[in-house]
Amino acid sequence: MREIQIAIAQFHPRLNELQKNLDRMGEIVDHICAGSKIDLIIFPELATTGYECGVKFTELAEQIPGFTVETLGARAARYETHLAFGMVVKHKVESVVYDAAILLGPDGVMLGQYHKVHLKPEERPIFRGGFRLPVFPTTFGTIGLLLGWDLAFPEAARALAIDGAELLIVPANWETQAMEEWKTYLRARAFENSIFVAGVNRIGDEYTYSFGGESAVIGPRGETLAHVGRDENDRPKEAYTLAKIDLDAVKKYREELQTMQSRQPAAYRAVVRNY
């Protein structure tokens, strides 16, 4: 078995407060790793800055590697765990910024970064869209990264699954009024690809947005393996939860269901002009 323990960390990033957010993320990592060996910890999209930063994103964006990667990399190395989180990164041209997901290895070194491909209309004036869907090999298996609204596009998850991803990590900023949509997409992407999906959504309010949490780890048959629920007042809460997953289950279910093997790529290519 390739059994690993992952943690999904749902919290409220403070708007434009890079250092406060890094400090809070570090505290969460310390708390999670104090009790047991954790192989992977996942934080939300734009966890280091918040969402509605507007033009200030240009100031907050970092080249990679940089301060944020070095700071969180030291935490990852301390506990020999992988970290995945969202942040804003910049190209060498200062005005070109990306909504990115970063994956750090247990030695604190970056294993890869992903730039959000599917930008919402309100994000397009700020970020440049990515154009690659890479997968990242780790010591325990192959990981795919998506961000937020990418989850709504089945082609993105399928492309990662075809390229070998066994675990799909989805840091997100999903709005409170669309929680049913979020939960449905998490299950659908897991079910249709026979893959594990770990979706980590933020909480809290900003100027015009409210974010609804409901972070979860979903198994290859659409089963909920871990979930961060709501508090006694029915509000999304800041919390983390753990899930133990066996990545060998991906191969098992794909062999049983035959959906991946029964694909008809020639037919898809023939109709690609209609997409």
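The values are calculated or read from the model by the stated rules, or taken from the named source; none is laboratory data. These figures come from a predicted structure and were not determined experimentally. Neighbour counts run over all protein chains shown; Cβ positions are idealised from the backbone, glycine included. Keep in mind that these areas ignore ligands, DNA and RNA; they rest on the heavy atoms of the full protein, side chains included. Shrake-Rupley method; radii C 1.70, N 1.55, O 1.52, S 1.80 Å.
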For this session: Could you pull out the residue among L242, L168 that is part of a strand (DSSP E or B), surrounded by fewer than 18 Cβ atoms within 10 Å (Cβ to Cβ) and at pLDDT 95 or above?
Result: L242
For this session: Would you confirm whether any residue within region 134-153 is farther than 28 Å from A249 by Cβ, open to solvent by less than 20 Å² (accessible area, probe 1.4 Å), touching a Lys or Arg at 6+ places or on another chain (Cβ under 7 Å) and outside any helix (DSSP H, G or I)?
Result: no
Problem set entry | Conditions (1) of a type outside the set (S, T, Y); (2) in contact with a helix residue (DSSP H, G or I) (Cβ under 7 Å, 6 or more places away or on another chain); (3) open to solvent by 10 Å² or more (accessible area, probe 1.4 Å); (4) closer than 21 Å to I41 by Cα; number of the one not met by K116 | (3)
Problem set entry | Search result, residues across region 99-148 that are of a type in the set (D, E) and more than 16 Å from the chain's Cα centre (by Cα) | D107, E122, E123
Seminar exercise, completed: Scanning region 120-143 for residues that are in contact with a strand residue (DSSP E or B) (Cβ under 7 Å, 6 or more places away or on another chain) and without any contact (Cβ under 8 Å) to a residue 40 or more places away in the chain, the one farthest from V97 (Cα to Cα) turns out to be T142
Exercise. So, of the residues in region 38-62 that are among the charged types (D, E, K, R) and open to solvent by 10 Å² or more (accessible area, probe 1.4 Å), which turns out to be nearest to S215 (Cα to Cα)?
Worked result: D39
For this session: Show the residue pairs that are 6+ apart or on different chains and have beta-carbon atoms under 7 Å apart, the first residue being within region 200-216 and under 14 Å from W182 (Cβ atoms), the second being open to solvent by 20 Å² or more (accessible area, probe 1.4 Å) and among the β-branched types (V, I, T).
Result: S210/T176; F211/T176; G212/T176; A216/T224
Exercise. Among the residues of region 209-231, is there at least one that is part of a helix (DSSP H, G or I) and of a type in the set (F, W, Y)?
Worked result: no
For this session: Working only within region 199-239, note down all residues that are under 19 Å from Q5 (Cα atoms) and among the basic types (K, R).
Result: R221
Exercise. Any chance region 63-73 includes a residue that's closer than 21 Å to G213 by Cβ and open to solvent by less than 60 Å² (accessible area, probe 1.4 Å)?
Worked result: no
Problem set entry | Residue that is modelled with the highest pLDDT [pool: residues in region 92-107 that are closer than 23 Å to C53 by Cβ and open to solvent by 10 Å² or more (accessible area, probe 1.4 Å)] | Y98
For this session: Consider only pairs whose beta carbons are under 6 Å apart and that are at least six residues apart or on different chains; among these, list those whose first residue lies in region 246-275 and is at pLDDT below 85 and hydrophobic (A, V, I, L, M, F, W, C) and whose second residue is assigned to a helix (DSSP H, G or I) and surrounded by 10 or more Cβ atoms within 10 Å (Cβ to Cβ).
Result: M260/R254
For this session: Please indicate, with yes or no, whether at least one residue in region 18-34 is open to solvent by 10 Å² or more (accessible area, probe 1.4 Å), of a type in the set (S, T, N, Q) and modelled with pLDDT of 95 or more.
Result: yes
Problem set entry | Residue match in region 193-204 (condition: at pLDDT 95 or above, open to solvent by 20 Å² or more (accessible area, probe 1.4 Å) and not aromatic (F, W, Y)) | no
Seminar exercise, completed: Restricting region 174-192 to residues that are buried (at least 23 other Cβ atoms within 10 Å of the Cβ) and of a type in the set (F, W, Y), the one nearest to R235 (Cα to Cα) turns out to be W174
